[in-house]
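Shown next, in structure tokens, is the structure this report addresses.
The values are calculated or read from the model by the stated rules, or taken from the named source; none is laboratory data. Computed from a predicted model, the values in this text were never measured in an experiment. Cβ: placed from backbone, ideal geometry, glycine included. Neighbour counts: every protein chain shown.
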Amino acid sequence: MKRERITHAKLIDGKVYKIGAGGSLRPMRDRTDWKLVNALTDEEIAAAVASDPDASPIADEAWFARARRSSHSKEHISIKLDADVLAFFRKGGPRYQTRINEVLRTFMEHETANTRRMRAMSETPASYEHQPAKRKRRISSGKARD
């Protein structure tokens, strides 16, 4: 099985830093082709986002209007947020907790849609299902045995 490589990074003043052991920060090389990105039209960007199954929906005016009309019951909790994240939402003025909830709801809806999409893709006729290969066991002599 191929191991997934996970890199933890942090954005500081527009620059990306890799978080190393012990919390050390090391600048990461920017591999973005900014000429290509800057040449994209709004329509091309919207089409790219719409076709990407991992992209969150674009939160436009209509989305925010719909999200604010939510009648879901609220629950009081205690949550720890990074100071810069909290400062960002507070900078937007009153109702910053509502905006945080809207962002979390968007993420939840996106993940729920992805789960449904993945489930639909995995539903194949029984005759096409992959049968796992038998694994060979090792015996004390070190030779493989069926």
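For Arg29, the requirement of being surrounded by 10 or more Cβ atoms within 10 Å (Cβ to Cβ) and either basic (Lys, Arg) or touching a Lys or Arg at 6+ places or on another chain (Cβ under 6 Å) (or both) is not met.
Can you say whether Lys35 is under 26 Å from Lys10 (Cα atoms), assigned by TED's automatic domain parsing to the domain that holds Ile12 and modelled with pLDDT of 90 or more, as far as the supplied structure shows? Taking the combined requirement at face value, the residue satisfies it. Taking segment 38-65 as the range and being modelled with pLDDT of 90 or more and surrounded by 10 or more Cβ atoms within 10 Å (Cβ to Cβ) as the test, the residues that pass are Leu40, Glu44.
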